[in-house]
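Take a look at the structure below.
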Amino acid sequence: TPKWIGVFVGLVYGGAMISSLVCGGFIARYGPIRVSQACVLLCAAGTATVAMLPGAAVTLMAVAAFLVGVGYGPITPASSAVLVRTTAPAQMALTFSIKQTGVPAGVALGGALLPVLTLAAGWRGALLVVAGVGVVVALAAQSTRLALDAHREGARPMSWRSVVDPLQLVLRTRALRELSLVGLAFAAVQVSLTSFLVVFLHEALDWTLIASGLALTCATIGAVIGRIVWGIVADRLLPPVRTLALIGLLAAACGLLLAAATTAWSAWVVLPLAALYGGMAIGWNGVQLAELARRCPPGMTGAVTGASGFVTFAGVVAGPPIFAALAGAFASYRAGFLVAASVSALAALGLLAGNRRQATPIK
């Protein structure tokens, strides 16, 4: 039933929050590649379970959604643990940003291929193909494990301290805390844009669903380009924190413009705006993750990124319900985009204020 889609997505990201928080000890003990393999297999298992369950099995469907989320959560911390060891400091933001383009690129690829697979094999068959691809990817990664997991601490004990300590470090360290809170704010705006752009254009601007979907495609393409561009900017032109602040201010401007759009606006205006908004609201991840990794204590990149991800995923979970509540309260999706613009701007200004405090010498 369509009304359960939001619940399913919420369970996915709820699982991701938990696994992101607890993954640090597993990454240190087993290595980021082994953890990534396990995560991909968990996602594949959850996807295959959804494909094989009868429609009435709501409880088991919820378990499958949570399982997918558990597999999704540690992927970024594990990849950050690899990249921080293998990337030159001068290329950190660009490298992390290129890695992060896999997310919108994967969404675009899935949007193009899944309808074709569904027509050919039914929706269950399409999901089983996706699960099979996950298994193949996990097996293919085995060839890299010996080299990239060489720093694992096989005798490292597992305890609650490995969960609590990284989160406490994030919360008590100003730079890590600010980056995590900015991630929360930007993630809430990002998922609100991708969740409500189509319905806003369809209902408020009377666009067809096909045209509205094209706008979302433009936003996704803009995200891929934006992540690469912002990575270059953060490495070569502006300090990463100022880059993130600029992204937030530009995202706020795009949100305001989108909220002001009317039926009189041409598609030649709205589609580039959607692409530009995607480049801002979805283009920040690589820069934020690279700066987070740069600020982590040695050997703690996976754990600290996971703890920060716990905070960031809270924005993903909370953003769409808040946006929907605002749209309902004001009978307009414009209110949601206005608040999203405010969130982007406040996060950017908070970053600039924090950066100014750190740069001011103590007298």
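The values are calculated or read from the model by the stated rules, or taken from the named source; none is laboratory data. Just so it is clear, the structure is predicted and the values come from calculations on it, not from any experiment. Methodologically, a virtual Cβ is constructed for each residue, glycine included, from the backbone with ideal geometry; neighbour enumeration extends over all protein chains shown. These area figures cover heavy atoms from the full protein model, side chains too; ligands, DNA and RNA do not enter into them. Shrake-Rupley method; radii C 1.70, N 1.55, O 1.52, S 1.80 Å.
Brief remarks on what is shown
- Qualifying residue in region 72-89 (condition: touching a residue at least 60 places away in the same chain (Cβ under 8 Å), in a helix (DSSP H, G or I), out of contact with any Ser or Thr (no Cβ under 9 Å at 6 or more places or on another chain) and not small (Gly, Ala, Ser)): yes
- Ala293 being under 21 Å from Asp206 (Cβ atoms) and either among the small types (Gly, Ala, Ser) or open to solvent by less than 30 Å² (accessible area, probe 1.4 Å) (or both): no
- Filter result (small (Gly, Ala, Ser), surrounded by fewer than 23 Cβ atoms within 10 Å (Cβ to Cβ) and part of a helix (DSSP H, G or I)) within region 253-265: Ala253, Ala259, Ala260
- Qualifying position, being aliphatic (A, V, I, L, M), under 20 Å from Leu351 (Cβ atoms) and in a loop (DSSP other than H, G, I, E, B), among Leu238, Leu249: Leu238
- Out of Arg172, Arg152, sole residue that is on the phi < 0 side of the Ramachandran plot, in contact (Cβ under 8 Å) with a residue 40 or more places away in the chain and of a type in the set (Lys, Arg): Arg152
- Top-ranked residue in region 64-99 [being open to solvent by 50 Å² or more (accessible area, probe 1.4 Å), of a type in the set (Val, Ile, Thr) and modelled with pLDDT of 90 or more; ranked as nearest to Thr243 (Cα to Cα)]: Ile98
- Residues satisfying the stated conditions in region 13-27, i.e. buried (at least 23 other Cβ atoms within 10 Å of the Cβ), farther than 12 Å from Val164 by Cα and of a type outside the set (Ser, Thr, Tyr): Gly15, Ala16, Phe26, Ile27
- Among the residues of region 31-63, just one is open to solvent by 60 Å² or more (accessible area, probe 1.4 Å) and either under 25 Å from Glu291 (Cβ atoms) or of a type in the set (D, E, K, R) (or both), namely Arg34.
- Options Leu351, Leu273: the member that is at pLDDT 95 or above and either assigned to a loop (DSSP other than H, G, I, E, B) or open to solvent by less than 30 Å² (accessible area, probe 1.4 Å) (or both): Leu273
- Count - residues of region 326-337 that are more than 21 Å from Leu181 (Cβ to Cβ) and either open to solvent by 60 Å² or more (accessible area, probe 1.4 Å) or not hydrophobic (A, V, I, L, M, F, W, C) (or both): 7
Residue-wise test of (1) closer than 30 Å to Ala28 by Cα; (2) open to solvent by less than 10 Å² (accessible area, probe 1.4 Å).
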| residue | (1), (2) |
| --- | --- |
| Leu176 | yes, yes |
| Leu179 | yes, yes |
| Ala204 | no, no |
| Ala211 | no, no |
| Ala223 | no, yes |
| Val233 | no, no |
| Ala245 | no, yes |
| Ala251 | no, yes |
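- Whether a residue is assigned to a helix (DSSP H, G or I), modelled with pLDDT under 90, polar (S, T, N, Q) and closer than 24 Å to Ala64 by Cα was assessed, and Ser195 passes this test.
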